[in-house]
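Remarks on the structure that follows.
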Amino acid sequence: SLCRIGTAALAVQVVGSNWPKPHYTLLVTGLCRFQILQLLKEKPYPVAEVEQLDRLEQFTNQHKSEEELGELSEQFYKYAVQVNCFNPMYQCIYMYVWGFLSVSYLPFSLCSLIFFNAVRLEERFKMTIPLLVRQIEGLKLLQKTRKPKQDDDKRVVAIRPNRRINHIPSITEDEEEEEDHDDVVMLEKKIRTSSMSEQALKVCLKEIKRLKKMPQSMPEYALTRNYLELMVELPWNKSTKDRLEIRAARILLDNDHYAMEKLKKRVLEYLAVRQLKNNLKGPILCFVGPPGVGKTSVGRSIAKTLGREFHRIALGGVCDQSDIRGHRRTYVGSMPGRIINGLKTVGVNNPVFLLDEVDKLGKSLQGDPAAALLEVLDPEQNHSFTDHHLNVAFDLSQVLFIATANTTATIPPALLDRMEIIQVPGYTQEEKIEIAHRHLIPKQLEQHGLTPQQIQIPQVTTLDIITRYTREAGVRSLDRKLGAICRAVAVKVAEGQHKETKPDRAEAGEGEDCKEHVTEDAKTESISDTADLALPPEMPILIDFHALKDILGPPMYETEVSERLSQPGVAIGLAWTPLGGEIMFVEASRMDGEGQLTLTGQLGDVMKESAHLAISWLRSNAKRYQLTNASGSFDLLDNTDIHLHFPAGAVTKDGPSAGVTIVTCLASLFSGRLVCSDVAMTGEITLRGLVLPVGGIKDKVLAAHRAGLKRIIIPRRNEKDLEEIALNVRQDLTFVMASCLDEVLNAAFDGGFAVKPRVERLNSKL
C-alpha cells in the first residue's frame, strides 16, 4: 500500500494532547525525494532500502537558469498562459506570470495537481506539455458551446485528460465583474423607480455608490446588497382597496362567528367611518378573553371582511426587543424586526396585523419588547416607525393592529393605555350548542370524511358533552370531543364498507339492509347497541348518551353543589381566572384551641386579608346575630381555632371577590344553619360591613349558570354589568343586589338571617 516515491523529512517539533483522545501535530522540514528499492519489514513500522533521487540544495545548482531547458521552457510558458486565460484557478501559473515562481518549479507545481511520478525536470516538461495542449482544446470546445450570457451560479464542467480528476472551472474574473456590475445597475434602476420616501431614496442611493466602489469579496458587500433589495421589496405606497359595504360585512361576520356582538359592532363602526373619511388611521384593538373563544379567528375574519392581507405575529415568550425593532446592520446576520418582515411578506402597507398573546411578552437583558411596542401601537407615533435595520422611517398608520390577550394584569400600563380594550367573555351553553352545530360539527365531518347521512348528533347530546365532559369558557375542548366522536364513527363506517364489499355478502343479497324503514327510530343506531357485529351499521349512526359513554368514557364533571352544601360551614363563591369564570367552594371548621385562624388552599395576600376582615366583622357583630362559639361565648375566638380551606389547593387563588363568601361561610359555621344550595355570591367587603363592586361579573355569572345555580348575590354597584349578559341567561337566574353584609346574609339563608333588634335606651332629662 506504500507509494514507490516519497519525501524524506526531518522532524522539527511534536505537539500533542491526550484529551479528548490522543492526537499529535508534527512539524517537519523536507530534505529530499527517495525511491523504495526493497521493503525489509512492515512491523512494528515499515523499514525499507531506498535510493535518494535529488536534494533541494543541489536542485537549484543543476538548473541555474531557464535557458538550459531552451525550447521546452518556452513552449511550456506559451501553453501555460493559454490555459490561464481559460481558467485562472492555477495559482502557480499566476505566480509564474508575475515573476514570483521560477520556471524550474513550475512543472513540479502543475504536476502536483495530476497524479503521476516524474523525477527529472525535463521528463516533467515532456509529460505536462501534451496535457496542457489537450486541456486547451477541451476548454476551447466548451467555450464555443457555452451561451453568451450565464448566471453567476452556472459553471462549465471540464474533465481532465488523465480522467482521474473532475474539475469545475469558473468563468473569468472580467465576466464576473461585468455581470455583477449589471446587477448593481439593475438594482439602482429599481431603487429610482420605486415609490419609497425621499429619506429612504437618499439613503439607498448613498449605499449604491458605496456598493459600486466595494469589492465583491468584502463581507459588507452582501450585507449592503441584501439591505438594498429589502428596501426595494418593501411596500412603501402599495395598498389594497378596502371593501366598505356594511351589509355584506355584517353577513360575512355573522356567517363566520356566532355571538361576539361587541366585536362585530366595532368592526362595522370602523367601516362606516372609513366610508366618510378615507385617510382614517388604523385603530389599535386588543381582544381580552379566555382561551378558545375565537379571538385569533375573528381577527382573520376581520381581514377577510375588509379585503385586506392578514399576518399573524406570535409574541408569546418573546424577550428581545430586536424581534420588534430589528437588529442594527453592524451585527453579523442582522435582520429586520417582525413588523417590517411581516410587511415584506404581505406586500402591502395596510394589512391586518394580529399580535397574538401580547400579555405573555418576556423581558431579558436584550431589552423589553413591550417597551418597543409602544411606538408601534401608538397612532401618534407609528406613522414614522424606525426599524434598527432599515434606519429610516416607515409609515405604519394604515396598518390595522389587533392584539389578543387572556388577561390585562400582565400587560404594562403604558402599553395597555395605547390599545382599545374589547372584552371577549366566554360562551353560554346555548351559544356553545349553536356554535357546535353551525361550525364545529360540519368542520369535523369534513376533516374525517363523513357526511350528515352517516352520523347524527342531536342537540341533547351536544348539551351532555358541554355540561358533563367539558367545563370551559371557550369551545376548544368541545371541538376535541366532537373529533373523538367522528373518529369512532369513521371506524364503524370503514368496517361496514369493508364487509359490504365481500363477495359472500354481495351474493347473499344483504344489500336489502340499506332500504329505508318506516319509523325514524329504525333509521338510527347507537354505537353501543349490542347488534350483530357482522352486519354493517345502519345509517345514520345516532350518538346518544350510551354512545358518549362508550366513546368518551364516564362523565368528567358531575353536579356536586347540593352534596357539598349538606352541612354548615360551606358556601359557594364566584371567581374569575384567565380561563374564564369558576365556582369556588369555601369550607370552614372550628375546634378547641387558642384563638388562631388557619388559612389553606394556596391563597394570595389579598384573599388572606379578606379572611381576617371577615372574622373581625363577625366578632364585632356576634351579639347582634347571636353567634357563639362551642362554649356559648360571643367571643368567637375564645378557646376556639378556626380553619378556612379553599379546595383545589394546587391552584393559586387571590383577589378580594371572596370576602362576602367567607363571611357567609363563617356565619353558617357559628349559627349552625345551612346556606342555600342554589346560591352563589361575589363581592368585596369592608370592616364596616359594606359590599364593594368587583370585576368579571359576566364570566362569573356564566360559570354559575354552567354549574346549575339559580340565585346569585352581587354588589349593587355591579348591576350595570348585567346588561352584557344574554337575556336567556338572565331569565334563568335570580340576582340579588346587596350593598351591605346584612342583605347578603338574609339572601344566603332560607328565611333570612335573624338579627337581634337594637333596644334604644331613653335617658331622662331630669
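The values are calculated or read from the model by the stated rules, or taken from the named source; none is laboratory data. On a predicted model such as this, the values are computed, not experimentally measured, just so you know. Glycine gets a Cβ as well: all are built from the backbone with ideal geometry, and neighbour counts include every protein chain shown. Remember, those area values only see protein heavy atoms, side chains included, never the ligands or the DNA or RNA. Shrake-Rupley method; radii C 1.70, N 1.55, O 1.52, S 1.80 Å.
Per residue, how much accessible surface does the range 246-423 expose to a 1.4 Å probe? Answer in Å², no decimals. Don't skip to the answer; put the middle values down first.
Numbers: 7550 Å² over 178 residues.
Per residue, the range 246-423 has 42 Å² of solvent-accessible surface.
When Rg and the Kirkwood Rh are both derived from Cα coordinates, the Rg/Rh ratio for the range 246-423 amounts to 0.97.
Mind ordering 259-268, 473-482 by average Cβ neighbours within 10 Å, highest first?
Values: 259-268: 18.1, 473-482: 19.7.
Top to bottom by mean Cβ count within 10 Å: 473-482, 259-268.
The three principal axes of the C-alpha atoms in the range 593-677 carry coordinate ranges of 37, 30, 19 Å, sorted with the longest axis first. With only Cα atoms counted, the range 187-276 has Rg and Dmax values of 22.2, 63 Å.
According to the Kirkwood expression over distinct Cα-Cα pairs, how big is the hydrodynamic radius of the range 564-748, in Å?
On the way: mean 1/r = 0.0611 Å⁻¹.
So the Kirkwood estimate lands at 16.4 Å.
Tell me the carbon and sulfur percent of the accessible area for the range 631-703, rounded to whole percent, probe radius 1.4 Å.
Values: 1360 of 2490 Å².
Using a 1.4 Å probe with all protein chains present, the range 631-703 comes out at 55 percent carbon and sulfur.
Rounded to the nearest 20, the size of the Cβ-charge dipole of the range 564-748 about its Cα centre is 400 debye, with Lys and Arg at +1 and Asp and Glu at -1.
Considering only DSSP states other than H, G, I, E and B, which chymotrypsin sites (Phe, Trp or Tyr not before Pro) in the range 242-342 qualify as loop sites with at most 15 other Cβ atoms within 10 Å? Those satisfying the criteria are Tyr331.
The phi-based Karplus calculation (6.51 cos²θ - 1.76 cosθ + 1.60; θ = phi - 60°) puts the 3J(HN,Hα) values of the range 230-238 at 5, 4, 6, 6, 5, x, 5, 10, 8 Hz, whole numbers, x for Gly and Pro.
Candidates Phe634, Val606, Gln567 compared by Cα position along the dipole of the range 534-634: farthest toward the positive end lies Phe634, with charges placed on Cβ. Amide H contacts for Gln321 (H built 1.01 Å from N in the peptide plane; partners 5 or more residues away or on another chain; cut-off under 5 Å): Gly367, Asp368. In this structure the amide hydrogen of Leu53, modeled in the peptide plane, comes within under 5 Å of the amide hydrogens of Arg33, Phe34, Gln35, none closer than 5 places in sequence on its chain. Along the range 544-555 the Karplus relation, 6.51 cos²θ - 1.76 cosθ + 1.60 evaluated at θ = phi - 60°, assigns HN-Hα couplings of 10, 5, 5, 5, 4, 5, 5, 7, 9, x, x, x Hz to successive residues, with x for each Gly and Pro. Peptides 459-471, 590-602 ordered by packing proxy, namely the average of other Cβ atoms within 10 Å per residue, highest first: 459-471, 590-602. Here the range 246-423 is assigned +1 on the Cβ of each Lys and Arg and -1 on the Cβ of each Asp and Glu. Its dipole about the Cα centre then comes out at about 500 debye.
Of all the accessible heavy-atom surface of the range 260-382, with the other protein chains kept in place and a 1.4 Å probe, what percent is carbon and sulfur?
Whole-percent figure for carbon plus sulfur exposure: 51.
Exceedance of the 31 Å cut-off in Cα-Cα distance is limited, within the set Lys549/Lys710; Lys481/Lys710; Lys608/Lys700; Lys363/Lys653; Lys304/Lys363, to Lys304/Lys363.
If you look at the Cα atoms of the range 295-399, you get an Rg and a Dmax of 13.7, 42 Å. Sequentially through the range 296-301, phi angles give Karplus couplings (6.51, -1.76, 1.60; θ = phi - 60°) of 5, 5, 6, x, 5, 5 Hz, Gly and Pro residues having no value and appearing as x.
Around the amide H of Ala9, modelled in the peptide plane, lie the amide H atoms of Leu31, all under 5 Å away and 5 or more residues distant in sequence or on another chain.
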